[in-house]
Structures are given as structure tokens and as C-alpha cells.
1. At what distance in angstrom do the alpha carbon centres of the range 134-167 and the range 180-224 lie from each other?
2. Can you compute the helix-only [θ] at 222 nm over the chain? Use -39500 (n - 2.57) per DSSP H run of at least 4 residues, normalise by all residues, nearest 500 deg cm²/dmol.
3. With percent of Cα pairs over 30 Å apart defined as stated, name the option among [x] 30; [y] 33; [z] 22 computed from the structure displayed.
4. Once phi is turned into ³J(HN,Hα) by the Karplus curve 6.51 cos²θ - 1.76 cosθ + 1.60 with θ = phi - 60°, what whole-Hz value does each residue of the range 100-114 show in order, with x for glycine and proline?
5. Of His145, His15, His220, which is the most mobile in a GNM of the chain whose springs link Cα atoms less than 10 angstrom apart?
6. Below 8 Å, C-alpha to C-alpha, sequence gap of six or more: please give me the relative contact order for the chain in percent.
7. Contour minus end-to-end for Ser59 and Ser229, with contour as 0.36 nm per residue of separation and end-to-end as the Cα-Cα distance?
8. Put +1 on the Cβ of each Lys and Arg and -1 on the Cβ of each Asp and Glu in the chain; which of Thr218, Ser130, Val185 then has its Cα farthest toward the positive end of the dipole?
Amino acid sequence: MPLPGSGSISLNQIHIEAGGSSGSQASMNDSDIRAMIGKGSGAQNSFNEYYSVSAAAPSATYKGRTATTSNGFAAGYVSLSSGTKIVVVTLQNPGYVNSYINLGSSAMTKAADQGGHSLVYYLETSASGSQYISGNGGSGRNVAHIWEITGYTSSTPYATANSINANNYSGFTHSISVSTQYNGVTIGSGLTEDTIPVNGVTVSNADQLLQIDLESATNHYSWKDEGTSSGSRSYTANQTTPGNNGNNSGTLHHLAVAHWK
């Protein structure tokens with residue numbers, strides 16, 4: 001569990017959180033202790049830098065996507081792993097706005113929402129095997145990307161953010177920043193104009209990026225960033241060249257992100 005967020009904190013508490021035995025010898029320069037806040041050998045560190053710190057290093061695994069070019073939500077099945085985990089669904093929906101997603105019979109919690117068009121949902125669950133994802137919203141094209149997070153300390157996101165750019169056709173880029181913890185994991189959702197070449201979006205600091213162009217109209221993408229630093233992390237989505245609807249009335253970058261530790 002995380003170290004205390006305020007008040008007194010001892011070296012022994014820090015050492016236990018790092019995986020050491022209570023009462024065993026330790027120093028602030030030990031590699032396992034420094035690793036919890038990303039400090040190098042011999043670097044100055046203080047006890048208050050360990051407030052609320054956890055040794056956990058969550059990881060995210062992509063499980064697949066559901067998609068539709070018909071009106072309505074991109075409902076479909078996903079195969080989940082055994083054991084307790086956080087299931088994260090990112091939705092990119094250029095048509096009617098979305099307001100809910102269910103995993104089986106369980107309502108998922110909305111973490112981040114950019115105008116009902118790019119969203120991040122999550123649910124801590126032990127459900128496994130084939131599970132049905134349903135929801136509302138969607139006119140023409142929408143895509144849901146599904147992830148699993150394991151090794152986390154808290155199922156509740158540490159921080160979230162959402163943003164939209166003012167004019168997609170002045171540089172074709174847009175950035176979003178979110179507060180992060182050391183060795184945390186960020187899941188992002190993005191929606192923009194379709195691209196030339198197909199699937200031509202890049203996202204800075206992304207360890208894995210999944211995307212699909214639909215109907216020569218919109219690009220739907222989702223990414224993860226593991227092993228983050230402590231502080232603030234920026235993600236810049238770049239669209240090299242907009243596609244068939246490349247004009248000021250086309251789809252702007254809709255970005256939504258959530259960060260877990």
C-alpha cells in the first residue's frame with residue numbers, strides 16, 4: 001500500500017514499501033529505495049519526497065477493439081484474462097455523444113470525457129473470458145479500444161485530462177498533459193480527421209499506439225505510456241496530412257487521458 005501522504009514517515013516504512021524486511025538495515029541511497037521516486041545513485045532525496053509513494057509499477061495490455069460504421073455504439077465481445085484487473089475502454093465517437101459503457105452487466109466509470117466524443121472508462125473486475133461491451137452514442141463510425149491494467153495500487157485514476165484543439169488544420173497537432181507518478185501508466189484516447197497515409201497519427205511518449213481510419217473520414221486511436229516519470233507528462237498527437245475531409249469543418253483532435261499508479 002502507498003506510504004503516508006502527510007505527517008511523520010520513517011526509513012523503515014520506506015524500506016518495507018520498497019520490498020525490504022522490517023527492521024533490516026537500509027539507507028536512503030539504496031537502489032530499491034531510490035527507484036521508487038526515480039533518483040540516481042548519490043542524488044539528494046528527502047523523506048517528504050516519499051509521501052504517498054508506492055513501489056507498484058502497473059502495466060497495461062491491449063486486448064483488442066470493437067468498431068462499427070453503422071449508427072449506434074460499437075458493441076462487441078472482448079476476451080479478458082483471469083484474475084482481478086482494471087479494464088479500461090477508450091471510445092472514439094464522432095457522432096452522437098456517449099454517456100455510458102457497460103462491461104457485461106456492470107456499469108463502467110467514466111474517467112475522462114472530451115465532449116462525449118473521446119472518452120476513457122474503467123472498471124476493476126475479476127470477470128474473465130468472453131465479455132460483452134455495450135453503450136450508447138455513435139452516428140456512422142465509432143471505435144472502442146480495450147486494455148487491462150495489472151500491478152496497480154489503486155483502481156481509481158491518479159489523474160485525468162481532456163482537451164480539444166481549436167483548428168486541426170493549422171499544424172495538424174494537439175497536445176495534452178496529465179499529472180503522473182513515477183512508474184505509473186497512462187491510457188489515452190484520440191479522435192481526429194482521417195489521415196494520409198492511412199493510420200498516419202503519431203503520439204509522443206506513447207509506448208504502444210493503436211489506430212484505425214474509417215470510411216475516409218475519421219481516425220480513431222488509443223495509446224499507453226508505461227514507466228512514467230513523476231510530475232507532468234505531455235502527449236502530442238500529430239496528424240501528418242488530413243484526408244478526404246481535410247478542411248476547417250473536419251474533425252478536430254479530441255483527446256482524453258487517465259493515469260494509474
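Computed from the coordinates by the stated procedures, all read-outs in this text should not be read as laboratory data. All values derive from a computational prediction rather than experimental measurement. All Cβ positions, even for glycine, are placed from backbone atoms using ideal geometry, and neighbour counts span all protein chains on display.
1. 12 Å
2. So the helix-based figure for the chain works out to -1000 deg cm²/dmol.
3. Recomputing percent of Cα pairs over 30 Å apart here picks out [y].
4. Whole-Hz 3J(HN,Hα) from phi for the range 100-114: 7, 9, 10, 10, x, 9, 9, 6, 7, 9, 7, 9, 9, 8, 9.
5. His15
6. On the way: 723 pairs, mean separation 55.4, N = 261.
Computed value for the chain: 21 percent relative contact order.
7. Details: separation 170, 0.36 × 170 = 61.20 nm, distance 1.42 nm.
Here the answer is 59.8 nm.
8. Ser130
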